[in-house]
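> Next up is a structure, given as structure tokens.
The values are calculated or read from the model by the stated rules, or taken from the named source; none is laboratory data. These numbers were taken from a predicted model, which means no experiment stands behind them. FYI the Cβ positions are ideal-geometry reconstructions off the backbone, even for glycines, and counts take in every protein chain you see. With ligands, DNA and RNA removed, areas are computed over all heavy atoms of the protein, side chains included. Shrake-Rupley method; radii C 1.70, N 1.55, O 1.52, S 1.80 Å.
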Amino acid sequence: MRSSRQNDVSERSSAYWQIEQVASHCLVLFRGDWQRHSDLPGGQCLIRQLPALTESITLDGSQIQSWSSVLPALLFTLQQHCQQQGIALLLKQFPAGIEPVLRLASQRTQGLEHTLPPLSVLAQLGNWGLDLGSRTGRFMHMTLECSVLAWRVMCSPRRSMVRAVDVLTQLCEVGASALMIVLIINLLVGGILGFVGLIQLQQFGAHVFLADMVGIAMVREMAAIMTAIAVAGRSGAAFAANLATMQANEEIDALQTFGVRPLEHLLLPRLAAMVAVMPLLYVYGCAAGIVGGLLVAVSSSDLTVLGYLTRTGHAVGVQHFIIGAIKSLCFGGFIGLVSCQIGLQAGRSAEAVGRAATAAVVTACIGVITLDAAFALLTYYLGV
């Protein structure tokens with residue numbers, strides 16, 4: 001049984017093919033001038049026209065008048081398809097030069113997996129260090145640039161592009177909307193510290209000092225850290241996703257076209273809101289954590305509410321609140337800067353928005369823990 005058909009672009013192109021089928025064998029006759037690039041058919045077009053259940057294909061190029069790089073590209077696409085489907089392919093009477101090009105393309109494709117040897121552990125560590133250094137450099141550059149812009153805004157607020165309504169919107173988003181999650185996290189952390197401390201202190205009959213332990217731990221360390229992590233997961237991801245979406249929709253490019261500085265118009269309101277709200281959320285988290293420890297102490301020991309609060313007031317000094325407040329300020333500034341930086345440098349696709357939000361949360365959490373470790377070393381050597 002023999003059937004014949006011609007590609008559907010022959011009416012508008014001087015280059016075409018004709019397919020003849022005999023049983024499970026296909027003969028493809030290439031004809032015409034394959035020099036014109038604008039209307040030449042492609043390899044996928046030929047693959048779609050191949051009959052089903054084809055076991056072997058013969059390509060005849062005896063009627064080709066002239067050719068360019070488009071023809072080897074079409075043949076290479078068909079060759080790859082035949083290799084994947086297990087179809088035998090034979091080229092016959094093609095112009096000189098086409099088969100060497102196809103052999104070279106096949107060799108290059110087969111050798112791609114073995115071109116680069118796997119990187120050693122030392123090389124991977126080196127690449128990681130270079131990437132970390134590059135990210136740190138970009139972060140420091142943005143920090144300095146934002147510092148200069150903030151100074152200009154404070155010196156001449158009427159000439160700045162920071163609108164009060166933007167700052168108030170971000171204050172509500174970062175602060176008021178985060179009260180519930182900050183309350184729950186710090187309340188539970190205070191309760192956990194209370195349970196762990198009570199079990200250990202009861203062995204020595206010193207459970208009265210549970211208030212000291214929970215109060216100092218919450219005020220000095222845990223309230224600032226847990227509040228920062230909660231804000232990073234909530235507001236930091238929102239900052240990065242919002243700015244990445246604007247980047248994907250080319251809204252930031254439009255602002256620059258109108259002469260609006262993105263850092264001043266988009267980043268400074270978010271950064272100001274984050275820095276202003278974090279100390280307040282820290283104090284709120286301290287109160288929630290102390291209440292969590294109080295609930296555990298009153299329900300699981302003979303401590304009274306008045307006794308617990310009295311011990312907490314004696315144990316927690318002003319210096320602990322100052323250290324925690326300074327930490328919360330630094331954490332808020334770091335989260336705002338790194339989240340906005342990742343959002344502004346995101347790609348222009350929907351996938352890039354998700355990657356930016358994930359990277360912002362991960363980077364912010366790691367940065368908060370690193371900053372807290374640095375504060376711990378600093379306060380230790382200063383004896384505070």
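> For the stretch 209-232, give me each residue that is open to solvent by 10 Å² or more (accessible area, probe 1.4 Å), within 19 Å of Arg311 (Cα to Cα) and β-branched (Val, Ile, Thr).
The answer is Ile216, and nothing else.
> Being within 25 Å of Val362 (Cα to Cα) and either part of a helix (DSSP H, G or I) or open to solvent by less than 10 Å² (accessible area, probe 1.4 Å) (or both) narrows it down to one of Ala240, Ala254, so name that one. Quick ask: steps written out before the conclusion?
On the way: Ala254 fails: within 25 Å of Val362 (Cα to Cα).
None of the other options fit; the residue is Ala240.
> Turning to a different aspect of this structure: Of the conditions (1) in a helix (DSSP H, G or I); (2) over 30 Å from Leu171 (Cβ atoms), Asp302 satisfies every one except a single condition; which number is it?
Every listed condition holds for Asp302 apart from (1).
> Would you pick out the residues in the stretch 306-362 that are outside any helix (DSSP H, G or I) and crowded, with 17+ Cβ neighbours inside 10 Å?
Listed by number, the residues that qualify are Val316, Gln345, Ala346.
> Right, something else. Pull out all pairs, ordered by first then second residue, where Cβ-Cβ is under 7 Å, the residues are six or more apart or on different chains, the first lies in the stretch 193-207 and is free of Cβ contacts under 8 Å to residues at least 24 places away in the same chain, and the second is of a type in the set (Phe, Trp, Tyr).
If the second residue must be of a type in the set (Phe, Trp, Tyr), the pairs left are Leu201/Phe209.
> Report, ordered by the first and then the second residue, all pairs with beta carbons closer than 8 Å, sequence separation of six or more or different chains, a first member in the stretch 232-257 that is closer than 17 Å to Val275 by Cα, and a second member that is among the small types (Gly, Ala, Ser) and outside any helix (DSSP H, G or I).
Ala240/Ala346
> Pick from Ile369, Ile323, Ile342, Ile335: which is touching a Lys or Arg at 6+ places or on another chain (Cβ under 7 Å) and β-branched (Val, Ile, Thr)? Give the derivation first.
Numbers: Ile369 fails: touching a Lys or Arg at 6+ places or on another chain (Cβ under 7 Å); Ile342 fails: touching a Lys or Arg at 6+ places or on another chain (Cβ under 7 Å); Ile335 fails: touching a Lys or Arg at 6+ places or on another chain (Cβ under 7 Å).
Exactly one residue qualifies, and that residue is Ile323.
> Can you find even one residue in the stretch 280-297 that is under 20 Å from Thr143 (Cβ atoms) and in contact (Cβ under 8 Å) with a residue 60 or more places away in the chain?
Step one: of the stretch 280-297, the residues under 20 Å from Thr143 (Cβ atoms) are none.
No, because not a single residue in the stretch 280-297 is under 20 Å from Thr143 (Cβ atoms) and in contact (Cβ under 8 Å) with a residue 60 or more places away in the chain.
> Grab the helices (runs of 4 or more DSSP H) fully contained in the stretch 135-236, keeping just those with 1 or more residues being in contact with a Pro (Cβ under 7 Å, 6 or more places away or on another chain).
On the way: elements: 164-174, 179-202, 210-217, 223-231.
Helices (runs of 4 or more DSSP H) meeting the threshold: 164-174.
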